[in-house]
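Heads up: the structure comes next, in structure tokens.
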Amino acid sequence: MIVTPPLLDEWLVSYIRSKLASRGMDVIVDTVEPPTLDAPLATPMVIIREDSGTQTSHLTFTRQVGISVLAGSRQNDKATRRLSQVVYAIATSMDIALADGPIASVQLEGCSGPYAVADDQDVGRRYMIASYSAVGTW
């Protein structure tokens with residue numbers, strides 16, 4: 001049997017977008033940041049990047065993802081701080097392992113953030129890391 005690692009970033013885009021929408025939050029969620037940003041942003045953004053990890057059994061993998069939250073401006077990053085807290089809570093909630101997807105558990109010892117990150121553009125940016133045990137596909 002051939003087992004491929006999960007495409008965790010793609011699954012998380014849909015999951016986090018859905019959770020934010022259910023809270024009435026209009027947020028762009030994607031795996032890539034646009035090549036140019038029109039700052040200040042009209043709509044906040046969440047960018048999810050899978051950073052890979054190790055294979056822990058024939059079927060399971062440890063995966064880390066980096067999540068960037070962009071909103072507001074450098075001088076007024078209140079929206080960025082608030083959104084990043086919500087995104088971190090969603091990404092690290094134990095409910096994520098109960099969803100219909102590849103995540104078996106959240107590895108809390110590998111989760112960190114959100115941290116303020118300097119940006120060349122006039123946008124508030126926060127970064128966080130979430131770590132998971134995930135199941136591959138066959």
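The values are calculated or read from the model by the stated rules, or taken from the named source; none is laboratory data. Here the structure is a predicted model, which is why all the values come from computation and not from measurement. Counting neighbours? That spans all protein chains shown, and the Cβs are built from the backbone with ideal geometry, glycine included. The protein model used for the area step is the full one, side chains on, heavy atoms only, and it has no ligands, DNA or RNA in it. Shrake-Rupley method; radii C 1.70, N 1.55, O 1.52, S 1.80 Å.
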Point to revise | Filter pass, THR4 being free of Cβ contacts under 8 Å to residues at least 24 places away in the same chain and open to solvent by less than 70 Å² (accessible area, probe 1.4 Å) | key: no
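For a quick check of your reading: which strands (runs of 3 or more DSSP E) sit entirely within segment 11-85 and have at least 2 residues that are open to solvent by less than 40 Å² (accessible area, probe 1.4 Å), more than 18 Å from LEU108 (Cα to Cα) and modelled with pLDDT of 95 or more? Step through it out loud before you land on a result.
Details: elements: 28-30, 45-50, 60-71.
Ranges flagged: 45-50, 60-71.
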Exercise for review: Please state which of the following conditions VAL106 fails to meet, knowing it meets all the rest: (1) touching a Gly at 6+ places or on another chain (Cβ under 8 Å); (2) under 30 Å from MET1 (Cβ atoms).
Suggested key: (1)
Check your understanding: Can you name the residue in segment 124-138 that is touching a helix residue (DSSP H, G or I) at 6+ places or on another chain (Cβ under 8 Å) and open to solvent by less than 30 Å² (accessible area, probe 1.4 Å) and is also nearest to PHE61 (Cα to Cα) among such residues?
Key -> ALA134
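Going through segment 28-81 one residue at a time, which ones are small (Gly, Ala, Ser) and under 12 Å from the mean Cα position of the chain (by Cα)? Spell out the reasoning first.
Residues of segment 28-81 small (Gly, Ala, Ser): 39, 42, 52-53, 57, 66, 68, 71-73, 79.
Across segment 28-81, the qualifying residues are GLY66, SER68.
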Check your understanding: Among the residues of segment 127-136, is there at least one that is in a loop (DSSP other than H, G, I, E, B) and hydroxyl-bearing (Ser, Thr, Tyr)?
Key -> no
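Given the criteria surrounded by fewer than 16 Cβ atoms within 10 Å (Cβ to Cβ), polar (S, T, N, Q), closer than 20 Å to VAL117 by Cβ and without any contact (Cβ under 8 Å) to a residue 40 or more places away in the chain, does THR92 qualify? Working first, answer last.
Details: surrounded by fewer than 16 Cβ atoms within 10 Å (Cβ to Cβ): no; polar (S, T, N, Q): yes; closer than 20 Å to VAL117 by Cβ: yes; without any contact (Cβ under 8 Å) to a residue 40 or more places away in the chain: yes.
Here the answer is no, as THR92 does not meet what is asked.
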Review point. Is segment 102-115 home to any residue that is assigned to a strand (DSSP E or B), over 20 Å from MET45 (Cβ atoms) and open to solvent by 50 Å² or more (accessible area, probe 1.4 Å)?
Key: yes
